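Below is one structure, written out as structure tokens; the observations come after it.
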Amino acid sequence: MRRKDFLAMNAALLGGLALPLKGRPAASLREIEAAAGSGDEDALWAVLRGQFLLDPDWTYLNFGGLGACPLPVLNSLAEWSRVEERAPSAGHDAKRWNEVKAKLATLLGRSCRMEDLALIGGATEGVNMILNGLPLKKGDEVITSTHEHVAVHTALLNRMHKDGIVIRLFEPDIFSGRGNVDRIARLVNGRTRLIFISHVTCTTGQRFPEREISELARSRGIWFALDGAQAPVNVLFDIVDCGVDFYTCSAHKWMMGPKRTGFLYVRQGMLEALRPHATGGGSAERYDIETNEIVFYPTAQRYEYGTQNDALFYALGTAVDFVNAVGVERIWNRGRAMAERFYRGLRQIPDVDSVSPREEAWRSCMIGFRMKTHDFGAVNAHLAKDKIRVRPVSEGKLNAIRVSFFLNNRMEDVDKILDSLKKLAG
Ligand SMILES: Cc1ncc(COP(=O)(O)O)c(C=O)c1O
């Protein structure tokens, strides 16, 4: 690409990504910041809702399943894809790539460094990198919960069948956060090498007490990994303060990044413990097949490999800008207010039980419930007839429904799903 075109495109992007997509105007980041600063909450949420292409006939309550990109992110993706296609080149602009990591690091924690992050395709990839990169051998025990996503359970089973590791399971305590630390502690013994659980479960939206678990792990010399697919922007936390050794996330959910974007975080000082599971162009600072030498990058870049779709990650940078323009705390407060209204509303419906934590501190913007009178398939089908999109939960034999509340939603959506459930309950 000619330098002039490149600069012009940069100006368009930095100027606010205001290019229309299919005739719909994208708000510029500056406009979003202005709406966020206006003090008019209703106006802000209306602007934000207008940024999604979500089908207006449906009430989308499933950002925990798959997020939607707002228009500025879609525009950024389209523009950067065009840039790529005009002058295809292998490798990527390290400066721009690292800028995305730097933005992400700032979102994730006060002392998180871009060097601690690798840009990857999502939590499934990250989970496999962690489970296959740690030197686990036959008889080594890994503690996990019955509520983990298929990504964690299948990767564990794979390692079990391949290398003979032992999986130790606990049932999450939904009554007390502390109860989970005790349940994990009871499983720890001299063969325990790793605790690998969700930060926020995909089943009930339960947040585990990450700091207490990390203290337990540290005190017993055990690695601690979190599957954070459901956490960033859904709950507030500081990744470094968590004390977690390894953390992975899909950015195409609550972070609103393009599909197949995510990250792997490796705590400072832990690079040598986690061997790169997949390697290729970009992983090693130098290598020599004649002398057998390989020196991986001294940062989490060592976990990146091969040709990347740069546009995806540059657009992820725009998604982080979008989150920051609104304010992550504000998004959280809004989502939690809707989730709490729903949680309280469930209590008024006969034969409905919430399966989300009883202690508010461990609830997130996702709430799970089940009906004594109908199985989850029937509840899901009923809600779909009312054009309400939720996520049936079969994990842990829960027979439940999970509902996510996010910045595309409004209070009326909470009432709509509650009314629909009341109808079903008769
Ligand atoms: C807790 C959890 N882990 C892992 C995943 C897998 O994410 P992906 O399919 O984006 O890799 C999900 C997806 O829903 C999830 O909820």
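Here are some notes:
- Across Lys385/Lys423; Lys103/Lys253; Lys372/Lys422; Lys372/Lys397; Lys137/Lys253, pairs whose alpha-carbon gap is larger than 22 Å: Lys137/Lys253
- Using heavy atoms of the protein chains and a probe of 1.4 Å, the accessible area assigned to His153 is about 50 Å².
- Here segment 94-322 is treated as a sphere whose radius is the Kirkwood value from Cα pairs; by Stokes-Einstein at 25 °C and 0.890 mPa s it diffuses with a coefficient of 138 µm²/s.
- Solvent-accessible surface of the chain, taken per residue with a 1.4 Å probe and all protein chains present: 42 Å².
- Mean-position separation - Cα centroids, segment 22-68 and segment 82-108, in angstrom: 25
- Under 5 Å, built H, 5+ apart or other chain: amide partners of Arg391: Arg402
- Scaled against the 2.2 N^0.38 Å expected of a compact globular protein of N residues, the Cα radius of gyration of segment 83-189 reads 1.45.
- Equivalent ellipsoid, the chain (semi-axes from 5 times Cα gyration tensor eigenvalues, Å): 34, 32, 17
- The mean sequence separation of alpha-carbon pairs under 8 Å and at least six residues apart, normalised by the residue count of the chain, gives a relative contact order of 21 percent.
- For segment 72-77, the Karplus equation 6.51 cos²θ - 1.76 cosθ + 1.60, evaluated at θ = phi - 60°, returns couplings of x, 6, 4, 5, 4, 4 Hz by residue, with Gly and Pro reported as x.
- Annotation: peptides 411-420, 30-39, ranked by per-residue average of other Cβ atoms within 10 Å with the highest first, follow the order 411-420, 30-39.
- Inter-part distance where segment 369-426 and segment 261-338 are each reduced to a Cα centre, Å: 35
- In order along segment 37-53, the Karplus-derived 3J(HN,Hα) couplings, from 6.51 cos²θ - 1.76 cosθ + 1.60 at θ = phi - 60°, round to x, 6, x, 9, 4, 4, 5, 4, 5, 5, 4, 5, 4, x, 8, 10, 8 Hz, and Gly and Pro are given as x.
- Note that segment 84-98 has calculated 3J(HN,Hα) couplings of 4, 6, 6, 9, x, 8, 6, x, 9, 5, 4, 5, 5, 4, 5 Hz, one per residue in order, obtained from phi through the Karplus relation 6.51 cos²θ - 1.76 cosθ + 1.60 (θ = phi - 60°); glycine and proline are x.
- A cut-off of 5 Å between modelled amide H atoms, ignoring neighbours fewer than 5 places along the same chain, links Leu226 with Phe246, Tyr247, Thr248.
- Taking segment 171-272 and dividing mean pair separation by its residue count, relative contact order in percent (alpha carbons under 8 Å, at least six apart): 21
- Difference of contour (0.36 nm per residue) and Cα-Cα distance, Leu169 to Arg49: 39.2 nm
- Cα point-scatterer Debye curve for segment 329-425, base-10 log of I(q)/I(0) at q = 0.15 Å⁻¹: -0.53
- Expressed as a whole percent, the accessible surface of the chain that belongs to carbon and sulfur atoms is 51, based on a 1.4 Å probe.
- If you run the Gaussian network model on the chain, springs between alpha carbon atoms under 10 Å, then out of Leu316, Leu131, Leu169 the most flexible one is Leu169.
The values are calculated or read from the model by the stated rules, or taken from the named source; none is laboratory data. Computed from a predicted structure; not experimentally measured. FYI the Cβ positions are ideal-geometry reconstructions off the backbone, even for glycines, and counts take in every protein chain you see. Just the protein is used for accessible areas: all its heavy atoms, side chains included, with ligands, DNA and RNA removed. Shrake-Rupley method; radii C 1.70, N 1.55, O 1.52, S 1.80 Å.
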